[in-house]
Amino acid sequence: MTTIPRQPRLSERRRASGIRRGEAASGWLFTAPMLVLLGLFLVIPVLMALWVSFSDWSGRGSPFAGSVGFVGFDNYSALLGGGGLAEQDFGTALKNNAWYVLLVVPLQTAVALFLAVMVNRQILKGRGFFRTAFYFPSVTSSVAITVLWLFLFNSTGAVNKLLSFIGVTGPNWFNDPSGIFHFGVATGPAFLENSTALGIPLWDWLGGPSVAMSAFVLLAIFTTSGTFMLLFIAALQNLNGEVFEAAEMDGASGWQRFWRVTLPQLRPTLFTVLTLGLIGCWQVFDQIYTGTKGAPGKTTLTPAYLSYQAAFQDQQWGQGAAIAFLLFVIIVLFTLLQRWVLSEKKVSKRRLRAYRLPETEGAVVAPTGSLHKEDRS
Amino acid sequence: MSSPTLHRREQPSGRIILGRSVLYAALIAIAVVYIFPFLIDLATSFKTEADAAADPLSLVPATITTAAYEKLFLNSDFPIWFKNSAIVTIVVTLGRVFFDSLAGYALARLHFRGRNAMFAGLIAVMSVPSVVLLIPKFLVINQLGIYDSYAGMIIPLLTDAAGIFIMKNFFESIPQSVEEQARIDGAGTFRVFWSVVLPMARPALITIIILSFQGSWNELSHFIISTQSPDLTTLTKGVASLASGQLSQGTQYPLKLAAAAIMTIPVAIVFFVFQKRITNSSDGSVKE
Amino acid sequence: MQRRTSRWLAAGALAASGALALTACGSGFSSGGSADDGALTSSNKALSVLIGSSGDAETAAVKSAVADWSSSSGTKASVSAASDLAQQLAQGFSSGKPADVFYLSTDALAGFASNGSLLAYGDKLSNKDDFYPSLVKSFTYDNKFYCAPKDFSTLALEINTDMWKAAGLTDADVPTTWDQLETVAKKLTTADHVGLGIGGEYARVGAFMTQAGGNLMNADSTKATADSEANITALDYVKKLENDGTLKFAKDLGAGWGGEAFGKGLAAMTIEGNWITGGLQADYPDLKYTIVPLPKGPAGAGTLQFTNCWGIAADSPNQKAALKLVEKLTSADDQLAFSKAFGPMPSIQSAASEWKKANPTLVPFLDAADYAKGVPTAKGAADVVTDFNSKIESLATSDPKTILEATQKNLEALVK
């Protein structure tokens, strides 16, 4: 028997519209503060900055005044190919930040995941204490932690004292501009020294972060692994235990269980953590402003700090805005790249065969991790 | 399929005990690494400068001195910084609780034209990195005439996209029946929101309170661009200027570390009070 | 999908119209409104003075001088010490609410003068002929004398007398040539301290460059001279001493600047300017030291001079009063008082002999004014110098020619 969808009775419908009549107005009223505030302080600034990046506004008067000229892509081309100091500084900032991201994001994700798995064990007593301990650094201000870090990583500070206990002389952390992947070699082979990208020799690009930047890398891992640990714990607790039992029954070892069963199911959280990590790392500013301001040897210069410096200290507002937008593009690109890398690709036929149960047609257990709801992307 | 149940009433085997001890040892070691820096911070703030330089690792000062704290509270602008941070944080937190829940409720429950576009816009706005906003926010604040004032410090922070998102998600998870009932009883939309739905939203509100407190207490770049006079300096900006130091003064680590310690105390208190809320929440709580 | 795009268009149009509306308001920005040439603004508003203080002594001294003027002239004035002078100045100018009177460095002059933020009042000063000509040159931009030099400092050699005696050296051994400096530094280098500890930056290493007859730019800052043979000679000399272990940069000694290394006993000698007296007095009062002129290089005597001026904002509503304040602050009495409080030398020639009488141990600083050279003042030069400084940090393992050639390229781009 087919059921005809029941039309609401006329009286009911009218009453519904009567109750909901004020809704549209309320809806707009309720969201008005959000619209005004976000519009004023998020949307309009972005448009304004876009205009400034295409103009030669020098810092006095309104950027929309008649005397301010449109210079097209001049600011951008100076940064990307001008051959002068602007390009070199931008290249240096990009190099520093790229290495920072390359080191911090995987390491903090791995540490967060490791801690989450450890803390999530049921048999563990004092879970709350450990969770608190690992999360506490995330709560503090980056300014306070940077001040603390300046003390700890002083040339005669706590960290070097600890290293001396195991016979290692620690470097003068925040004052050492040598790249860690140079291993003390001062100048590289000629072909690397002479070919440049964005005005910086390839030898420098391959040198990795400087020792000073490495101290910041450790700072980042210290302060953000806790937040992501919580995200992973929440995800781990939502996992379905049956799949684990099934895997155990199939003879999977602990490591295999983790790699083949747990991790794929954590994919959406992993995606969130990596995305947030990327976005955060590309914008590192507070620690640089508080700590080294780009020194030593411009090896802790980052695009965000360069943008601030160019605009607020050197009065090059157009260039500062251009740097900010280039950074925006980079962040979007990296996020898309990471999304593509992590997207659920079809399982290859070869892999599929490993999971095919014998003597059953088509019965396949493939780890597609479909037990979660699709994350916001 | 029933899995065989094992009666684990017998003593755990030696191997399991070893595994467990290794686990505990590793966790304790890592916890020490995470906690030790803060202990050093506190200890050093009570040392003399020479002591701090000579013995950076020890947790017990050679002579306990409160010189750093005295200088901080009596000889510097630190109390002003603290006052400013407190004012801004409290107003912003209250503001965010109110405006975020208002907007979140509207986006979750109220039907009006443009709701979907608004929500899409919200997501788009969330993805704009804050560094892009450094320069232009300064320009807008200037243009509006609220530069170098409490208004300029507070108003732009009064609502944030992430908070609205959290509130919207939460409101969507509440069953509609209670609201429908209130409406049928004749309550207006705001009344339904304020008296019926909001009290039910306590967990999400607490999350917003924690995140707002943390976010505005620890905010730095916004205060750099929105103020210039020394009376309006906040803790973050002030301690940052301490850290970069001035020419003729020595490194003064106990002073700087004392400032960092005091700066951390309010967020730490909020954290410990609401701890269970944070660590159990599975909403995407993110440190900005 | 169509509906959504039209919604986005609507939203975009809304945003664009909002932006346009804002420009119509434009209340926050001051658009033009600068005074006519020659006419200074005047009002009853209080004056705000922004300084970049080196410490409590300087702040107190400036505050008291300004308060004196305030009570005698009847115009209120307040002094604030900036935590980041360059940034606060820039923000002040862009927001249209700058301080009325402020410290302005040679670095910052070109940038702010070119965008109209400064009032060129130099020619209106009643004591304008009293300033040292080289200082006036430092603050002339586009042929306009912009602001009154407030003081200046030169670099000299400071020697720790205890360490000097312990190394068996006497007054006759005070170095007057580069070779003598090398010998003396070697004798003074021990396991505990290095012979010469200086800041690893142009502002110190540049002294050697002047002694070899070179500098980063010419006297007018119109031509780049960074890659000259003289500069290469100078940097080679510094590099040699570094590799011998007799010269170390302050950062490598774990100090923030040469004075700290000197004060902590990490270096037996240092090269610093007048400000070192105040710094040592405050933090290392027990240190015994003497000040001697820097040694002569291949081209004779040379040193760097540093100076700041009192800038007056073009947007200041009370420029008349500001000018009077500046005239008082650059008078002999005030400058000698400042000198006593925190070290730098008066910028007016008439105060020279009295200053020498009051500071017999500091005479080498003032004598050096005869041959001191200024730092580059071209627009954007500060950035190039920062870049140069970052390269100098690793001088011991770099090639001076490469560093100087890169700097030359950057400087040439500025004066094109």
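Things worth noting here:
- Choice from C:GLY343, C:GLY278, C:GLY168 showing the highest fluctuation, given a GNM over chain C with Cα pairs closer than 10 Å: C:GLY168
- Net charge of Cβ neighbours under 12 Å - reference C:ASN389; Lys, Arg +1; Asp, Glu -1: 0
- Placed amide H near C:ASN308: partners under 5 Å, 5+ positions off or other chain: C:LYS150, C:ASP151
- Förster radius 45 Å - calculated FRET efficiency between C:ASP68 and B:ILE265 (Cβ-Cβ, nearest 0.05): 0.60
- Look at the Cα gyration tensor of segment A:60-159: its axes a ≥ b ≥ c give a/c of at least 1.5 with a/b over b/c, and that counts as prolate.
- Accessible area of segment A:218-345 divided out per residue, in Å², using a probe of 1.4 angstrom: 38 Å²
- Computed per residue of chain B from DSSP H runs no shorter than four, each worth -39500 (n - 2.57), the mean residue ellipticity at 222 nm is -20500 deg cm²/dmol.
- Rh (Kirkwood; distinct C-alpha pairs) - chain A, Å: 25.2 Å
- Share of carbon and sulfur in the accessible heavy-atom surface of the protein assembly as shown [1.4 Å probe, %]: 59 percent
- Using the alpha-carbon positions of the protein assembly as shown, Rg (one decimal) and Dmax (whole number) come out as 32.3, 119 Å.
- Of the chymotrypsin sites (Phe, Trp or Tyr not before Pro) found in segment B:148-246, none is in coil by DSSP with at most 16 other Cβ atoms within 10 Å of its Cβ.
- At least 50 Å² accessible surface lost relative to isolated chain, residues of segment C:102-117 (1.4 Å probe): C:ASN115
- Seen from A:VAL243, the other residues with C-beta closer than 11 Å to its C-beta sum to a net charge of -2, counting Lys and Arg as +1 and Asp and Glu as -1.
- Cβ-Cβ FRET estimate between B:LEU74 and A:ARG339, R0 fixed at 45 Å, reported to 0.05: 0.25
- Whole-Å distance, taken between Cα centres, linking segment B:124-172 and segment A:188-213: 38 Å
- Lys/Arg +1, Asp/Glu -1 at C-beta; chain A dipole; positive extreme among A:ALA247, A:TRP51, A:THR335: A:ALA247
- Segment A:301-354 versus segment C:84-150: alpha-carbon centroid distance in Å: 41 Å
- Interface A:B - total buried accessible surface [probe 1.4 Å, Å², rounded to 100]: 8500 Å²
- Residues in segment C:115-156 reached by a label modelled at A:ALA65 [backbone nitrogen below 15 Å; 7 Å Cα→Cβ]: C:115-119
- GNM remark for chain A: springs join alpha carbons under 10 Å apart, and the peak mean-square fluctuation among A:LYS125, A:LYS95, A:LYS349 falls on A:LYS349.
- Cα Rg over Rh - chain C, Kirkwood: 1.05
- Residue by residue along B:215-224, Cβ atoms of other protein chains within 10 Å of the local Cβ number 4 on average.
- A:PHE151, A:PHE258, reordered so the largest accessible area comes first (probe 1.4 Å): A:PHE258, A:PHE151
- Comparing B:ALA162, B:ALA31, B:ALA260 in a Gaussian network model of chain B, where Cα atoms under 10 Å apart are tied by springs, the biggest mean-square fluctuation is seen for B:ALA31.
- Surrounding net charge for B:ILE146, when Lys and Arg each add one and Asp and Glu each subtract one, Cβ distance under 14 Å: +1
- Our estimate of slack between A:LEU102 and A:SER77, defined as 0.36 nm per intervening residue step minus the Cα-Cα distance, is 6.4 nm.
- The charge dipole of segment A:24-166, taken about its Cα centre with unit charges on the Cβ atoms of Lys, Arg (+1), Asp and Glu (-1) only, comes to about 960 debye.
- With the helix formula -39500 (n - 2.57) applied to DSSP H stretches of n ≥ 4, chain C reaches a computed 222 nm mean residue ellipticity of -13500 deg cm²/dmol.
The values are calculated or read from the model by the stated rules, or taken from the named source; none is laboratory data. Owing to the predicted nature of the structure, the values given are computational and were not obtained by experimental measurement. So basically every Cβ, Gly included, is an ideal-geometry build from the backbone, and we count neighbours across all protein chains shown. Only protein heavy atoms, including side chains, enter the accessible area calculation; ligands, DNA and RNA are left aside. Shrake-Rupley method; radii C 1.70, N 1.55, O 1.52, S 1.80 Å.
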